[in-house]
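J.: Would you mind keeping the following structure in view while I ask a few things?
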Amino acid sequence: MTGNCFHCGEPVPSGIDYSVVIQGEKRDMCCLGCEAVAQAIVDNGLEAYYQHRTALPQSARDLIPEELRKLDLYNHPEIQKSFVITPAEHLKQASLILEGITCAACVWLNERHLQQLPGVTDVMVNYSTHRARVTWDEREIDLARILREVQLLGYNAYPFNAKQQEDVRKKERQRDLRRIAVAGISMMQVMMLAVALYAGDYSGIEASTKDLLRYASLVLTLPVMLYAAIPFYKSAWRALQSGRMNMDVPVTLAIFVAFGGSLWMTAKGAGVVYYDAVCMFSLFLLTTRFLERNAREKSTEAAENLLRMVPAMATRLQDGGQQVVPVMELEAGDLILVKPGESIAADGSVTEGASSVDESLLTGESRPVPKEAGVAVIAGSLNLEGPLQVQVTGVGENTVIAGIIRMLDRAQAEKPRLAQLADRVAGHFTYGLLALAAVTALGWWLVDPAKVFAVTLSVLVVTCPCALSLAAPAAFAAAGSRLLKQGILLTRGHALETLSHVNHVVFDKTGTLTFGKPFLHQTVVLADLPASRCLAIAASLEQASEHPLAASFLCAVEPGALLPVEQAQNTPGKGVAGIIGGVRYTLGNRQLSPHTPEGDVAGVPEGATVVWLCDETRPLAAFALADELRPRAREAVEQLKAAGMRVTILSGDSRPAVNYIAAQLGVESLYWEQRPEDKLAVLKRFQQEGEVVAMVGDGVNDAPVLAGAQVSMAMGSGTDVARATSDIVLLTQNLVDVSRALETGRESIKIMGQNFVWAIGYNALAVPIAVFGYIPPWLAAIGMSVSSLVVVVNALRLR
Amino acid sequence: MDGILIYLLSITFFIVIFAGLGFFWAVRSGQFEDMEGPAQRILMDDDDPMIPRRRLKDGEN
């Protein structure tokens, strides 16, 4: 034992026994404060702090409130390293997980509150992931202060790392399930007793039996009041504390009024009790929220899966030895060893070794990319062949892939206009509802004081604006999850809404309608050798070449068909040559062999590349290589046309190449040799004519057009720039998905519309009936729940 | 009348507590983590070698 505090380094006074398990060992602490802080660090998965720290912290002895001390830790630069980035001088940006978000109003509340803090330059809260992106000026405010402000609002904020969010989510889900179970079990029992009580009113029941049943119901309702319904109280309290209104305020009020009134009746031994209404109301509300939350979480999984492709551990080379360390501990400048078959843990550049790497994670291109010393590699890509020694340039939040995730995150934070409108309406609605309840209570008190309690309760319960505020998010979440199932990733919220208005689809050609790489299109035999033999010879010769054309030969034949080649020779810019079975063959363009015939080969499409295979005396075959249409491109275009869309091809390629593709697809509206700025100009012209344009593209050159179009879709195989600027990513690269996405957009708007009509119609109808006292509270609970369930179930039809 | 009711109600409380604890245990042991997986998993055979492998060509995803 060292006798010093592991946390602050001060001597441990004798007779003191505080300790925390850090890095698998029990460490002594000098005081309760240090123990609490160290435990907080460990619990938050930030143990790496102890390895990174370069100076000991102040002893935690004199700081008093434990919660606040915990937050101060996040100001430590060593700890911040894992989740904070510095976009500009003095500016810092962090992703935070917000715990306790139950509805869109909470998001708004946090955003608003943080935005008005001096020094906070930007706050975006993502409703679907409960993540917040905060940017602040480090000269004016520090992170702990921001976190504290969040805590003052009644939420908890944690810095984000992927693993931790998963845990938080899992815990919340389990808690929700437990609450639903408690409410459900209690409701079943209480309903049973309620039936006995109602039946007793008709057929006669002894007062003592009635009392017994009431007390039993009371006891059975207690778990709901004390456990299951807590989220409503918390959310309502939060709203009231900040002087705002959300739908949990009337919910809580209704629960308290119903329970309090019933309690009073039970004690008095007379009147009607509403324990059944309390349980049912809580159960249905919890269930609808649970369903809605589940739908939302599903649609975020894809984005997070990207992050998980980065491994958690890496092999660091240090002082001539190898050491397996968590990726979080890597620093820029470290050397790591990546063995074949391993994923690369961090962005970096190769210092030693040569291999090829699968970067399909970012590019969608599954063909290996050769890597040698001096070449950059990306975290998450897969090392295929030989060991690589990599010098780290970026870890964690500073990697290319984390950057993309942040873009996705930001994109998802944008709410569809309809959802924003619904939030605002629901907010006003709540005020109106409370006023109405008060007026009703007053009115009935004047008319018939005995009924005040029951009628007011009915009004509060029946008008709960849940259906209204669920209408848009439920449909949106269900549509997102359906699209994702089909391989369509929605990255911006407004896209769904705009999709339903699209009447013109513009395609890029290369890489979008076509694969963007040459395929063996046609083999023209010029001598007596069969085509398959010619192809086998050609492919064998190409084994020595790294030219992109070589790959198209190699994938056109079975690996077993390759022949041994002697004296293989590669002439860059011309072709390849070699001896197979004693005969010398050449494969390349006209300049390579003197035997290539003059003139064009019949039947070869325009824009195709022709390669000649010759032996020592004569030409054997001509191969036409051309970019190929994606398999279902024609079907996709036909579907779009059938749906009444205009279809246009906007390409940077030459006129014959564009014509060739357009003729195959039956597209008449063509633009060729377009530079990115030309493409944008064409797009703007369409838009000025009042058309709503969906742009489908894949390349860097498409990025401006994608950003300019009302809705943009990028091929999953496209460049990450294209994917970042687009609203929708077609992960399966199936062009038919374009019309599927458009269809889902139209359907989801239809469903949202139905939901709004239903929610508003239900309230318009139910409120007057309730106000005049024709709805008993139990029926009100059923009505309100059914209206919410109808909205959610209607939305689930989208999936 | 009340006597038998008290007897039955105590049984109810017992069952309620038992059911609640059972459900809590199920949640804690992760039975609700994945509602779709187990249904799918039962359909997957373990006789892997019997399934013919298809080789993907370049560009086919």
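J.: Return the residues of the range A:192-214 that are within 14 Å of residue A:277 (Cα to Cα) and either crowded, with 18+ Cβ neighbours inside 10 Å or within 9 Å of another protein chain (Cβ to nearest Cβ) (or both); say none if nothing qualifies. Working first, answer last.
T.: As a first pass, look at the range A:192-214 and keep what is within 14 Å of residue A:277 (Cα to Cα): A:192-195, A:197-198, A:214.
Within the range A:192-214, A:192, A:193, A:194, A:197, A:214 meet the criteria.
J.: A further question on this structure: Please work out if residue A:222 is aliphatic (A, V, I, L, M), within 12 Å of chain B (Cβ to nearest Cβ), part of a helix (DSSP H, G or I) and surrounded by fewer than 20 Cβ atoms within 10 Å (Cβ to Cβ). Spell out the reasoning first.
T.: Numbers: aliphatic (A, V, I, L, M): yes; within 12 Å of chain B (Cβ to nearest Cβ): yes; part of a helix (DSSP H, G or I): yes; surrounded by fewer than 20 Cβ atoms within 10 Å (Cβ to Cβ): yes.
Spelling it out, residue A:222 is indeed aliphatic (A, V, I, L, M), within 12 Å of chain B (Cβ to nearest Cβ), part of a helix (DSSP H, G or I) and surrounded by fewer than 20 Cβ atoms within 10 Å (Cβ to Cβ).
J.: May I ask you to say which residue of A:634, A:655 is in contact (Cβ under 8 Å) with a residue 24 or more places away in the chain, open to solvent by 50 Å² or more (accessible area, probe 1.4 Å), in the same structural domain as residue A:737 (by TED's automatic domain parsing) and farther than 21 Å from residue A:496 by Cα?
T.: Working: A:655 fails: in contact (Cβ under 8 Å) with a residue 24 or more places away in the chain.
Only one candidate qualifies: A:634.
J.: Quick one: how many residues across the range A:225-270 are away from chain B (no Cβ under 14 Å) and open to solvent by 10 Å² or more (accessible area, probe 1.4 Å)?
T.: Just the residues of the range A:225-270 that are away from chain B (no Cβ under 14 Å), to begin with: A:225, A:229-270.
Pick out the ones that are also open to solvent by 10 Å² or more (accessible area, probe 1.4 Å) and you get A:225, A:230-231, A:233-234, A:237-238, A:240-247, A:249, A:252-253, A:256-257, A:259-261, A:263-265, A:267-270.
Matching residues across the range A:225-270 total 30.
J.: Restricting attention to the range A:221-242, which residues are over 22 Å from residue A:468 (Cβ atoms) and either at pLDDT below 85 or outside the structural domain of residue A:435 (by TED's automatic domain parsing) (or both)?
T.: A:241
The values are calculated or read from the model by the stated rules, or taken from the named source; none is laboratory data. Just so we're clear, the structure is a prediction, and the values are computed from it rather than from any experiment. For neighbour counting, all protein chains shown are included, and Cβ atoms are generated from backbone atoms with ideal geometry for every residue, glycine included. With ligands, DNA and RNA removed, areas are computed over all heavy atoms of the protein, side chains included. Shrake-Rupley method; radii C 1.70, N 1.55, O 1.52, S 1.80 Å.
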